[in-house]
Amino acid sequence: MDEHGHCKDYLKNFCDFIDGELPAELCEQLKAHLAECTNCTIILETLKRTINIYQSTAESERLPEDVHSRLLARLKLDDDWITKGS
Amino acid sequence: MIEDKDFSPDFIDRLTAGDRAAFAELVEKTSPRIYGLALRMLSNEQDAEDVLQETYLKAYKAIPDFEKRSSLTTWLYRIAANEALMMIRKKKPLQQSVELDDDNDEGEAQPEIVDWRYLPEKELASIETRRMLQEAIDRLSTALRIVFLLRDVQGLSVKETADILGVNENVVKTRLVRARLKLRDDLSGYFRERLVSEVQNG
Ligand SMILES: [Zn+2]
């Protein structure tokens, strides 16, 4: 395993790596490091999973029915002629 | 996800001309997302509902000033983000002033190393875990929280997030890195205990 300082240098590139924005050269260096560093691999994979978990909580998002009807009432959009179309 | 490609030029024309049905359509399409942002930002249902209503009241008033060539998504999120930030300032004025200048790193803590890469999905669905996910968001400073929510949860680009918050893209990137790493650390601490108790209980 690398000494801490070394791993820390890689850590700050993880987000760009995940977003596919890390320049090719740094990308290769990071991949080579990951191949031999279990700690960084765990951190990277759990970082990805953290982002995925939060993304998936947002996908199924719905407005609670009572919040929805109070919103329409507040905006005076609860008349029939408006909502019928949609 | 709220995306500009969901709004045709014709729709935007109707909207800016004051068409109530077009406004109603905008509300239907976007309000679940706006509410989700407010709820995660404020962690309080009543406050989130207030922000939701204020956002669309303000949006309706501001529609005549909307620049047709700019992004409707960014415009709407900007109104919502400002409302949410105003609500936070109103509720926690002291905390906000401490947090405002949050771009300096607070110490170089070692990252938590807990291997929960292969934790089963069902572990994540529990009510306890979902509460923990929101608590981890609550622990982020306002500045980090809004960046994470816009970029990673709402799925906006770094550029859109920067436009909404009126900061440059590098600021967004820096805050995003810190928010993501903090959340990962928090989740790792939580799952460390889950994994330990799993082993103990067989
Ligand atoms: Zn390493």
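The values are calculated or read from the model by the stated rules, or taken from the named source; none is laboratory data. Values in this document were obtained by computation on a predicted structure and should not be read as measured data. Heads up, the Cβs are rebuilt from the backbone with ideal geometry, glycines too, and the neighbour counts pull from every protein chain shown. Accessible surface areas use protein heavy atoms only, side chains included; no ligands, DNA or RNA. Shrake-Rupley method; radii C 1.70, N 1.55, O 1.52, S 1.80 Å.
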Point to revise | Reachable aspartates and glutamates from residue B:68, criterion Cα separation under 18 angstrom, eight or more residues apart if same chain | key: B:3, B:4, B:6, B:10, B:13, B:19, B:25, B:160, B:163
Study note, to complete from the structure: Karplus ³J(HN,Hα) for the stretch A:50-58 (6.51 cos²θ - 1.76 cosθ + 1.60, θ = phi - 60°; Hz, whole; x = Gly/Pro) runs 4, 4, 4, 4, 5, 4, 6, 5, 7
**Study point:** the stretch B:140-174-the stretch B:176-202 distance, computed between alpha-carbon centres (Å)
**Key:** 24 Å
Check your understanding: How about the protein assembly as shown: what cysteines have no other cysteine beta carbon under 4.7 Å from their own?
Key -> A:7, A:15, A:27
Revision key, fill the gap. HN-Hα couplings for the stretch A:73-78 via Karplus (6.51, -1.76, 1.60; θ = phi - 60°), in whole Hz with x for Gly/Pro, come out as 5, 4, 8, 6, 9, 8
Check your understanding: Roughly how crowded by other chains is peptide B:133-141, in terms of the mean Cβ count from those chains within 10 Å of each of its Cβ atoms?
Key -> 1
Check your understanding: Which of the residue pairs A:12/B:58; A:76/B:90; B:58/B:182; B:90/B:159; A:8/B:90; B:29/B:159 have a Cα-Cα distance greater than 32 Å in the structure shown?
Key -> A:12/B:58; B:58/B:182; A:8/B:90
Check your understanding: How many Cβ atoms of partner chains, on average, are near each residue of A:54-62 if near means within 10 Å of its Cβ?
Key -> 6
Study note, to complete from the structure: chain A: longest segment with zero exposed trypsin sites (Lys or Arg not before Pro), where exposed means DSSP loop plus at most 14 other C-beta atoms within 10 Å, is residues A:13-61
Exercise for review: Please give the solvent-accessible surface of residue A:65 in Å², to the nearest 10, using a probe radius of 1.4 Å with every protein chain present.
Suggested key: 130 Å²
Exercise for review: State, in square angstrom and to the nearest 100, the accessible area buried between chains A and B, both chains counted, probe radius 1.4 Å.
Suggested key: 4100 Å²
